[in-house]
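The block underneath contains the structure these notes are about, expressed in structure tokens.
Bear in mind these aren't lab numbers, they're just calculated from the coordinates by the rules spelled out. Quick caveat: nothing in here was measured; it's all calculated off a predicted structure. A quick note on method: Cβ atoms are made from the backbone with ideal geometry, for glycine too, and the neighbour counts reach across all protein chains shown.
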Amino acid sequence: MHINPRKPWLKHYLEGVPHEIDLAGHSSIVELLEASFEKYPNCIAIESMGHSMSYRQLDVLSRDFAAYLQTLGLEAGARIAIMFPNIPQYVIAMLGTLRAGFTVVNINPLYTARELEHQLRDSGASVLALLENFAHVYQEIENQALVKKVIVSSLGEALGPKGVIVNLVARHIKKLVPQWKFSCVKFNQALKIGSGHGFSRPHIDLEDVAFLQYTGGTTGVSKGAVLLHRNILANIIQIESWLEPALQHRCLKQLVFLCALPMTHIFALTACALLGMRKGAKLILVANPRDITSLIQLLMRHPDINIFPGVNTLFHALIHRPEFKAVKLPNLLVTIGGGMAVQKKTADLWHKLTGVPIAQGYGLSETSPVVCVNTPFIKEFTGSIGMPVSSTDVVILDDDGSEVPFGTPGEICIKGPQVMRGYWGRSGEAGQFITPDGYLKSGDIGIMSSEGYVQIVDRKKDMIVVAGFKVFPNEVEEVISSIAGVRECAVIGLPHRKLGEIVKAYIVKDKTDLTEGQVIQFCKEQLTSYKRPRKIVFIDEMPKSNVGKILRRHLRD
């Protein structure tokens, strides 16, 4: 087969992974998932807090939710905002919205009233479905009448008889539900209305909008990436093709995915929820991944986990708990690292404790999200983000938009069927993020090897310029993270009168006796002078996004 010299990665694809994917015969995400309802009716679809739900039950409940939405007289393409952690109600509402022919607006459940207001206003959502734990946040902006209908659910509402105890504990013992009061429809009431009304199947095609996926806002105002059914469908099939070689010749009764990352985030949405359901897998939902003690207990109960997507901060938190050493994951096939750079120290310890290396990948909300990934058969952590997935072209461009030679840093630019249509309500801005020949500018600096493997150097906007020299925060953070006694660190640029900028490091200690002098001395041995931090601040906790990505912007602010 002829390999395009501009795409050297193709010759390194595993046997059976296609160079191009084919969407012929597929009409929407809905058609793909309804095929799973038909194929795996008696298999467990989701497990949450010890309660299981089959694909047949998920089919019925999501159809009832879709039917309820159809009773509201919404316009075609209406946006439905969903603000749940990883609990069954999220999956039911997300699937129900898509089946009704509407657009899902994923909302981070940890948002403040200001952030929630921005997203509701920007998306023009007609309906908001949320957990009662966050109802007080909506109440702050309720008088602005941003949506026509609010659907509120309790933590235990989809957990059968066990849900009564879960609600009792959440409301009265753990006090997780602050007081709120506004007119709403209860989640189960909406399902009951939908069931009585009956579902009318709408026409949905590949060009319809499936999700408005708001970018994390790590670099400024949060914007809604418009993801069509075509985009998400392509990415599901791209990841499935990549994973397939790891599943061949394995006698698995059912694949098991750990869903610890929030499914309102694009990485977990596509690589856990949608891919998992496409494969008829069991999704183990983790409502609060910050509760590391409970997560470790769950891992101990689930030696059957096969696919473990995570981010550096999650892996780091787990491996630094002594009790994690007792966790045995004998059936773990792939650990996927995404969302942020995985640090080598973390990856090596994870491999040592679990026996499975972290296969790092890369993507964006704007690309549904997966662009590049390492193969599932890597023997050790590579430090690279792997190679582009099927049907995806990646080029590295300089500031003038010219392609740079292999091994030279430049902006990662992407073309493929998973790339968004644009940003919601910002159709005039395409020239700012699309090159003249149609590549999405990622804002990330990377290098590509002559074999086609890509390595992230840093975010373009996070790059620090010291006296004209470019400093990539990831490199400095990697060095500081390797110091004994450093739990986490983040590096930013600080304005400086003479040098333009200097490097400032924020550190969360693991050992109380770690000193500024020790950090400076270590950096002196490992980094050239302009890369070394001139200022060091010890803090108790890093500001993070809901997925655990450290927010350098908040440190700069």
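Students often check this: by mean Cβ neighbours within 10 Å, which of 26-33, 264-271, 348-355, 310-317 ranks highest, and how do the rest follow?
Ranked by mean Cβ neighbours within 10 Å, highest first: 264-271, 310-317, 26-33, 348-355.
Scan the stretch 354-433 for GluC sites (Glu not before Pro) in coil per DSSP, keeping those whose Cβ has at most 12 other Cβ atoms within 10 Å, and list them by number.
Qualifying residues, ordered by number: GLU380.
Just check the stretch 51-92 against the gyration tensor rule for me: Cα atoms, a ≥ b ≥ c as the square roots of the eigenvalues, rounded for a/c under 1.5, and otherwise prolate or oblate depending on whether a/b exceeds b/c.
Oblate, since a/c reaches 1.5 and b/c is not below a/b.
Provide the FRET efficiency to the nearest 0.05 for the ILE539-ASN143 pair, computing r from the beta carbons and using R0 = 30 Å.
Taking R0 as 30 Å, the efficiency between ILE539 and ASN143 is 0.25.
Express in % the proportion of alpha carbon pairs of the stretch 288-339 at distances exceeding 18 Å.
Every Cα pair in the stretch 288-339 considered, those over 18 Å come to 26 percent.
Can you tell me which lysines have their Cα less than 27 Å from the Cα of LYS223? Leave out same-chain residues fewer than eight positions away.
Candidates past the 8-residue exclusion: LYS148, LYS149, LYS415, LYS441, LYS460, LYS461, LYS544, LYS549.
Size of the dipole of the chain about the Cα centre, Lys and Arg at +1 and Asp and Glu at -1 on the beta carbon, nothing else charged, in debye to 20?
1300
Sorted by packing (mean other beta-carbon atoms within 10 Å per residue), highest first, where do 246-255, 12-21, 356-365, 454-463 land?
356-365, 454-463, 12-21, 246-255
Could you name the lysines in cross-link range of LYS328, using Cα to Cα under 26 Å and dropping any fewer than eight places away on the same chain?
Cross-link targets: LYS253, LYS279, LYS282, LYS344, LYS345, LYS352, LYS379.
Between ARG6 and LEU23, 0.36 nm times their residue separation minus their Cα-Cα distance comes to what?
The span from ARG6 to LEU23 would gain 3.7 nm if fully extended.
Given charges of +1 on the Cβ of Lys and Arg and -1 on the Cβ of Asp and Glu, with all other atoms neutral, how large is the dipole of the stretch 151-198 about its Cα centre, in debye to the nearest 20?
The calculated dipole for the stretch 151-198 is roughly 180 debye.
Among ASN108, ILE173, GLY163, which residue has its Cα positioned farthest towards the positive end of the charge dipole of the stretch 97-201, with +1 placed on the Cβ of Lys and Arg, -1 on the Cβ of Asp and Glu, and the dipole taken about the Cα centre?
Of ASN108, ILE173, GLY163, it is GLY163.
Go ahead and run the numbers for FRET between ARG56 and CYS251, Cβ-Cβ distance against an R0 of 25 Å, rounding to 0.05.
0.55
Between LYS328 and PHE182, what is the spin-label point distance in nm, taking each point 7 Å from the Cα along the Cα→C-beta axis?
5.0
Stretched out fully, how many nm does the piece from PHE469 to ASP399 gain, at 0.36 nm a residue minus the Cα gap?
So the extension gain works out to 23.6 nm.
Mind putting together the pair-distance distribution for the chain? All Cα pairs, 20 Å bins, whole percent per bin, short to long.
21, 56, 22, 1
At most 16 other Cβ atoms within 10 Å and a DSSP loop assignment: could you name the trypsin sites (Lys or Arg not before Pro) in the stretch 290-351 that fit?
Answer by residue number: ARG290, LYS328.
Can you tell me how the stretch 59-197 classifies by the Cα gyration tensor, rounded, prolate or oblate, using a/c under 1.5 as the rounded cut?
oblate
Take the alpha-carbon positions of the stretch 407-557, form their convex hull, and give its projected area averaged over all directions (one quarter of the hull surface) in nm².
Mean projected area of the Cα convex hull: 12.0 nm².
Quickly estimate the mean residue ellipticity at 222 nm for the chain, helices only: each DSSP H run with n ≥ 4 gives -39500 (n - 2.57), and the total goes over all residues, rounded to 500.
About -8000 deg cm²/dmol.
Is the shape of the stretch 121-205 rounded, prolate or oblate, going by the alpha carbon gyration tensor and its root eigenvalues a ≥ b ≥ c, with a/c under 1.5 for rounded and a/b larger than b/c for prolate?
oblate
Give me the dipole magnitude in Debye, nearest 20, for the stretch 337-456 about the Cα centre, with unit charges on the beta carbon: positive for Lys and Arg, negative for Asp and Glu.
580
Which value, in Å³ per residue, describes the convex hull spanned by the Cα atoms of the stretch 1-128?
Dividing the Cα hull volume of the stretch 1-128 by its residue count gives 204 Å³.
Which net charge results for the neighbourhood of GLU478, defined as the other residues with beta-carbon distances under 13 angstrom from its beta-carbon, given Lys and Arg at +1 and Asp and Glu at -1?
The answer is -2.
Could you work out how much longer the chain between SER529 and LYS192 gets when fully extended? Use 0.36 nm per residue separation minus the Cα distance between them, nm to one decimal.
Difference between extended and current length: 114.7 nm.
With contacts defined as alpha carbon pairs under 8 Å and 6 or more residues apart, what's the relative contact order of the stretch 377-438 in percent?
26
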